[in-house]
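For reference, the structure discussed in these notes is given below.
Only the coordinates and a few stated rules stand behind these numbers; no lab work does. Nothing here was measured: the structure is a model prediction, and the numbers come from that model. Note that each Cβ is placed from the backbone with ideal geometry, even for glycine, and that neighbours are counted across all protein chains shown.
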Amino acid sequence: MIEQPLSCHDVATLLFRIAESRCKRSYEQLFKMIAPMLLNYTRQQLHDESLAMEIVQETMLKVWLKAHLYDESKGAATTWIYSVARNVKFDTLRKLKHQNDWVQGDDLWPVLCEEPEPDRLPAEFHSIVRQELNKILDELPSSQSEVVRMICLQGESHQAVAQALNVPLGTVKSRLRLALQKMKEALDD
């Protein structure tokens, strides 16, 4: 037996049944009628079969969840469903664009953050950096300078520095924080 295509009135009736009683049979009928048309519609616009199918599935899910929002006085049921599909398509494309932008941004980080290998930097550059660093460290109070040298230059742990200097761990952390803050200010000048 060949099924007759649904009229706009039939589509509206099915939507009302879905909205009122979550009628699965009505949803199944609506899906069989509308999904192929939506797939053609989205496929023509996107030229991407899998994305079109994803949008149709999301659209039909929204139709199931939001059937109660359909208002017959504002237009035909099929128009409402196509509006839902259009909005799903825009949302999906927006998300994809955002994801693609993010991926492209990630692809740039290795290039932007790539530092020359130390052996490729001229020896005089290292010398200048060491001189500037020592100059800034010499301007710090000796207690702060000592903590920075031990932790940052010698690689000691906070706990090891606290034990070596015979001071509480909190004192070491405070000295380091203050020293780094002063060093940052000196470098900004």
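To the nearest 0.05, how large is the calculated FRET efficiency for Leu96 and Arg22 if R₀ is 30 Å and r is the Cβ-Cβ distance?
My answer for the efficiency is 0.45.
Mind checking which lysines have their Cα closer than 17 Å to the Cα of Lys97? Skip sequence neighbours fewer than 8 apart in that chain.
Those lysines meeting the cut-off are Lys89.
Considering the Cα trace of region 123-188, what is its radius of gyration and what is Dmax, both in angstroms?
12.4, 39
Let's see if you can work this out: charge +1 on each Lys and Arg Cβ, -1 on each Asp and Glu Cβ, no other charges. What is the dipole magnitude of region 123-188 about its Cα centre, in debye to the nearest 20?
Here region 123-188 has a charge dipole of around 240 debye.
Report the gain in length on full extension from Asp71 to Ile128: 0.36 nm times residue separation, minus Cα-Cα distance, nm rounded to one decimal. Please list the in-between numbers first.
On the way: separation 57, 0.36 × 57 = 20.52 nm, distance 7.43 nm.
The span from Asp71 to Ile128 would gain 13.1 nm if fully extended.
Roughly how many whole Å is it from the C-alpha centroid of region 156-189 to that of region 6-78?
Cα centroid to Cα centroid, the span is 65 Å.
Return one quarter of the surface area of the convex hull spanned by the alpha-carbon atoms of region 11-100, equal to its mean projected area, in nm².
5.8 nm²
Would you work out the charge dipole size for region 11-100 about its Cα centre, treating the Cβ of every Lys and Arg as +1 and the Cβ of every Asp and Glu as -1, and quote it to the nearest 20 debye? Working shown, then result.
On the way: 14 positive and 9 negative charges, 23 e Å.
That gives region 11-100 a dipole magnitude of about 120 debye.
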